[in-house]
Amino acid sequence: MERTVIDLTEYSCKGDTVSDIIESFYCGRMQVNSDNVKDVYKFSRDYSVPWLSNYALKVLETRMAEDFIDVFQFGVSMKCDEVTGLCLTRLKAPFVARLAQNGELNFLTVESLRMIVSDERVSLHEIEVFGIVTKWYDHDVENRRDQVEDLLKNIKYHLISQSDLLDSVHDWISKASSLPDRLRLDLMIEINKFLKVPGLVRVQEPVTPAPPDNRSSSGAAPPDTKGWNPHYNKRRN
């Protein structure tokens, strides 16, 4: 029978996690808790130990109620669809609203936030996405100035109501002096396509003047006289 050799000498885990895992291979059970669950799950995936992976996943699922952001970002950092998918299915609108109100979403990495606001399972309204993204940006402007562009540009502004476009979106963008000038202009042009407010000053894309076309004062182009006989007013053969 073929044997699999596992080298654990350089495997990084907290405390006695590795020795506990090895012991579990003999006794078939292990104490998995909030302190060691990440190490146990990572080990079980790296070395294909399904029973241990499933057990650790259940502990991670329990932890979501206590520290959702930590579990979700762990899944993102591991590039593990199993964990991130489990988290995203739990993200219903009321739960997202609570996380946003508590400011917990402000600590997400840009990759984690992008995943949340773009996933169809989360079912957020576009104005809610705008609020989450702008609060996340305002929380750390200096380090997020170069990360926020695609988040803002991917919002479907045509699905936002007129009142929210004017009172929330237009107002925030017009005051967000920390945004790059080019991005502010692009956003204003985009939302002005959908605003229907009489008297609103609209931002236009700068237009490069066209070169003169040498037309006469009447507006007609000068005739092509090449090859014409001026005496007979007809072309020569």
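Below are the figures for this structure:
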item: In the stretch 147-170, the residues that are among the aliphatic types (A, V, I, L, M) and within 24 Å of V110 (Cβ to Cβ); result: V148, L151, L152, I155, L159, I160, V169
item: Counted residues, the stretch 171-180 - those being closer than 14 Å to K153 by Cα and in a helix (DSSP H, G or I); result: 1
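Coordinate-derived values only; no laboratory data. All values reported here derive from a predicted model rather than from experimental measurement. Please note: Cβ atoms are built from the backbone with ideal geometry, for glycine as well, and neighbour counts cover all protein chains shown.
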